[in-house]
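Worksheet: the structure to be examined is printed underneath.
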Amino acid sequence: MHGAEAISPVMSDALVILGAAGIVIPLFARFRVTPIIGFILVGLLVGPYGLGRMVMDYEWLTHITISEPEGLEPFAEFGIILLLFAIGLELSFNRLWQLRKLVFGLGALELLVIGSMLAAVLSMMGQYWTGAMALGLALAFSSTALVLPISGTHTPVGRAALSMLLFEDIMIVPVIFLLGALAPFAAEEGLTGLFDTLLNGLIVVVVMMVAGRLLLPRLFAQAARTKSPELFLAASLLVVIGASLATAFVGLSPIVGALIAGLLIAETEYHNEVEGIMEPFKGLALGIFLITVGMGIDLAVIWEHLWMILSAVVGVLVLKALVTGILLRLMGARRSTATETGILMASPSETTLIVLAAATNALLIQPGTAQFWQIVTAIGLTVTPLLALLGRYVARRIEQAPAIELDDNPDDPRVIIVGFGRVGKLVAQMLDKHDKAYVGIDADVGLIDEARHAGYNVRFGNAMRADVLDRLGIDNASAVILTMDEHISAQRLVRKVRDAHPELPIIARARDSIHAAELYRAGASTAVPETLESSLQLSEAALVDLGVAMGPVIASIHEKRDEFRDQIKEHGALEHKPKLRTSTADS
């Protein structure tokens with residue numbers, strides 16, 4: 001057998017994908033450009049409309065092109081599933097509940113208003129009303145796979161984008177059923193099927209949530225006891241694939257199951273390990289999805305209909321950006337947040353391609369029309385990273401913080417305060433009172449503006465990015481103080497800083513004793529559980545006002561505090577009991 005014939009098409013495609021990942025990620029990272037664009041360009045180059053066109057003339061090109069593009073679709077879908085799973089790991093049910101008004105208020109308005117306006121424009125241009133509605137809803141979706149990795153979920157832009165994208169993900173199935181009900185041959189089956197699917201989906205979700213809370217901690221505890229990374233990986237894949245199949249089985253999108261699986265694991269103590277072990281798979285699978293996007297771009301067709309396609313792309317982007325920005329302003333968002341989010345959310349989505357296929361199958365639009373809007377969608381996805389840069393630039397020009405002379409010499413030793421809300425400001429005041437140099441950092445533009453107006457030394461940035469802390473002079477910092485309220489992000493940041501700076505004092509704000517123990521395990525020098533001390537002081541005041549003698553009250557407070565110290569020592573695997581406060585009364 002000849003060497004060339006020994007390589008199967010599957011192995012050849014895998015070699016191309018892995019080679020692309022090995023080249024794109026470090027190359028684009030070197031120039032500090034998101035690899036999203038790189039993967040899309042690779043798909044354009046090695047796909048059927050790139051070098052694949054010349055395979056018949058030059059046989060050797062089969063080894064550097066994708067020979068079976070349709071074979072990548074399951075892996076691309078798996079990339080989106082892993083992305084939603086990772087988003088679930090970063091969230092929690094409490095945080096999701098806090099976002100409910102944005103999800104079902106802002107999210108619903110964004111999808112319905114943009115969908116209706118696009119449908120109206122297309123209808124006026126001659127598209128029949130059912131097809132116009134299908135196209136309007138399809139183009140109203142924004143890309144979860146691209147937007148969230150760019151925006152994150154903890155900044156104001158990230159929270160707004162997450163709210164809208166979560167509602168869009170929920171609405172995928174109802175929209176597809178609606179298109180089936182609008183089909184010329186449809187009767188009542190479409191709406192009946194929709195209600196049945198929603199009912200079955202609700203039952204499955206409830207069962208998953210109950211079973212997950214009971215079984216997942218035991219499953220991962222058993223995997224952790226074996227100290228086998230392979231078993232932990234197998235358990236993680238079992239959960240995410242099982243949850244996705246469960247929701248897909250009843251007709252819901254598999255990404256709904258992946259999101260719920262992530263939320264359930266986020267409530268356990270094993271979420272950091274799961275996230276770390278799944279990260280390479282998520283990145284590679286998401287890269288495959290982006291390659292498939294690039295493979296769908298036919299430059300010959302684009303050139304043939306260049307002005308029409310460019311007009312459609314610009315029209316969709318401008319309309320979506322304006323409507324999203326206006327809705328955010330009406331919901332109370334700052335001008336900078338509304339502007340940046342609107343521009344970032346302007347491009348269509350990978351879901352748009354799914355809805356276009358459903359509309360074509362339902363005979364609501366012609367195949368040629370679907371192909372035209374598929375090209376528009378692919379171009380929109382390709383320019384999403386550029387839209388993110390444009391959004392940041394325009395947002396800063398629209399609403400700049402006042403220029404204040406601030407000491408910005410990172411070579412001087414100073415304390416870095418991560419998070420500049422209520423707690424961060426108080427810490428800065430105390431440091432300033434004792435002539436201790438500091439610099440604060442926060443990703444909330446509103447907080448930064450207010451702090452700079454008040455004269456604080458603060459910077460805008462995301463502390464989770466290593467280069468941001470480097471620019472603040474963490475190598476010469478005297479300490480890092482974490483005041484952020486996101487307990488998962490705090491643990492990640494503590495672990496990242498401790499790995500890079502083993503001797504640096506890290507003082508972290510904790511919610512309670514359990515969270516404090518987790519921070520100690522992550523590498524914190526001191527973790528301060530705010531709720532415990534306030535509860536003890538409240539109890540002390542109440543007992544004294546009720547007439548209990550001060551001596552027994554103080555003794556019982558010290559006893560209770562000591563119990564908490566024992567608890568933190570045990571859960572945090574510490575050699576000594578930690579201090580819960582720094583007063584001389586407490587040793």
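The values are calculated or read from the model by the stated rules, or taken from the named source; none is laboratory data. Predicted, not measured: the structure shown is a model, and the values here were computed from it. Please note: Cβ atoms are built from the backbone with ideal geometry, for glycine as well, and neighbour counts cover all protein chains shown. Note: accessible area is taken over every heavy atom of the protein model, side chains too, but ligands, DNA and RNA are not part of it. Shrake-Rupley method; radii C 1.70, N 1.55, O 1.52, S 1.80 Å.
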Discussion item. Rounded to the nearest 10 Å², what accessible area does GLU350 have for a 1.4 Å probe in the complete protein model?
Written reply: 10 Å²
Worksheet item: Label LEU18 and GLU559 with points 7 Å out from Cα along Cα→Cβ: what is the distance between them in nm?
Response: 6.4 nm
Discussion item. If I stretch the segment between GLU279 and VAL394 completely, what's the gain in nm (0.36 nm per residue apart, minus their alpha carbon distance), one decimal?
Written reply: 38.2 nm
Worksheet item: FRET efficiency for TRP303 and VAL548, Cβ-Cβ distance as r, R0 = 51 Å, nearest 0.05?
Response: 0.05
Worksheet item: Using mean Cβ contacts within 10 Å as the protection proxy, how do 547-553, 477-483 order, highest first?
Response: 477-483, 547-553
Worksheet item: Among the listed pairs LYS101/LYS320; LYS433/LYS560; LYS433/LYS496; LYS436/LYS560; LYS496/LYS560; LYS320/LYS425, which are separated by more than 28 Å between their Cα atoms?
Response: LYS433/LYS560; LYS433/LYS496; LYS436/LYS560; LYS496/LYS560; LYS320/LYS425
Worksheet item: At a 1.4 Å probe radius, carbon and sulfur cover how many percent of the accessible area of the stretch 440-511?
Response: 51 percent
Fill in: the stretch 486-515 and the stretch 324-340: distance between their alpha carbon centers, rounded to Å
33 Å
Fill in: Sequence of LEU310, LEU286 from largest to smallest accessible area, 1.4 Å probe
LEU310, LEU286
Worksheet item: On average, how much accessible surface per residue is there in the stretch 82-169, in Å², for a 1.4 Å probe, leaving out ligands, DNA and RNA?
Response: 34 Å²
Fill in: Per residue Cα convex hull volume in Å³ - calculated over the stretch 290-409
151 Å³
Worksheet, complete the sentence: Rounded to the nearest 10 Å², the accessible area of TRP373 using a 1.4 Å probe with every protein chain kept is 30 Å²
